[in-house]
Amino acid sequence: MGSKKPLRRHEALKPLSRQHHFGLLFSWKLRKGFAESISIDRLKAFADWFFIHETQPHFKIEEEYIFPILGTGHALIIRALKEHRRIERLFRDIENPKNSLSLLEEELEAHIRFEERLLFTEIQKAATKEELREIEKIHFGTGSKEDYPDPFWGKN
Ligand SMILES: [Fe+2]
Ligand SMILES: [Fe+2]
């Protein structure tokens, strides 16, 4: 009694979880860039690239197909949408990119951990078979498969 096994990630949500992994790597790369005093221009260029190729399409899919499963009035969805808008603002900030990128590194990681630990688990419990089938039909872009031409974080 009482010992619930953690839910395995449903097949339909795995591509998004894989993108979360790329997001965590992005934060790690920024952190490494800061630690090694890589110029803000280079970090900002990388963040701009990642935003267009990964973050924007990822948010779009979550907002169109995933979040409606719980509904916009659900506390976890209200939080997720608020974090999306905040993260977009940090990506777009050109006034003080140094500050924004260092916040972004932390906040994107926190957002991903929140989705993986709480939000996706709830989504998966609430989703109907039909909803999961619809998610399985989503076409995912290939952004993450392209190499970024300036790997300042080093090769390994
Ligand atoms: Fe998200
Ligand atoms: Fe996400």
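Looking at (1) touching a helix residue (DSSP H, G or I) at 6+ places or on another chain (Cβ under 8 Å); (2) surrounded by 14 or more Cβ atoms within 10 Å (Cβ to Cβ), which is the one condition that is false for residue 15?
The one condition residue 15 does not meet is (1).
When segment 106-122 is examined, which residues are found to be of a type in the set (A, V, I, L, M, F, W, C), out of contact with any Gly (no Cβ under 7 Å at 6 or more places or on another chain) and near ligand 1 (Cβ under 10 Å from one of its atoms)?
Within segment 106-122, 114, 119, 120 qualify.
Would you confirm whether any residue within segment 97-105 is over 26 Å from residue 147 (Cβ atoms), surrounded by 15 or more Cβ atoms within 10 Å (Cβ to Cβ) and of a type in the set (S, T, N, Q)?
The answer is no, given that none of the residues of segment 97-105 is over 26 Å from residue 147 (Cβ atoms), surrounded by 15 or more Cβ atoms within 10 Å (Cβ to Cβ) and of a type in the set (S, T, N, Q).
Tell me which residues, restricted to segment 60-74, are of a type in the set (Val, Ile, Thr) and within 15 Å of ligand 2 (Cβ to nearest atom).
Across segment 60-74, the qualifying residues are 61, 66, 69.
If I go through segment 51-74 residue by residue, how many of them are part of a helix (DSSP H, G or I) and away from ligand 1 (no atom under 14 Å from the Cβ)?
Number of matching residues: 2.
Of everything in segment 37-49, what is part of a helix (DSSP H, G or I) and free of Cβ contacts under 8 Å to residues at least 40 places away in the same chain? Give them in sequence order.
The answer is 41, and nothing else.
Could you please let me know if residue 57 is within 13 Å of the chain's Cα centre (by Cα), at negative phi, within 16 Å of ligand 2 (Cβ to nearest atom) and surrounded by fewer than 17 Cβ atoms within 10 Å (Cβ to Cβ)?
It is true that residue 57 is within 13 Å of the chain's Cα centre (by Cα), at negative phi, within 16 Å of ligand 2 (Cβ to nearest atom) and surrounded by fewer than 17 Cβ atoms within 10 Å (Cβ to Cβ).
No value in this document is a laboratory result; all are computed from the given coordinates. Quick caveat: nothing in here was measured; it's all calculated off a predicted structure. Cβ atoms come from the backbone with ideal geometry, glycine included; neighbour counts cover every protein chain shown.
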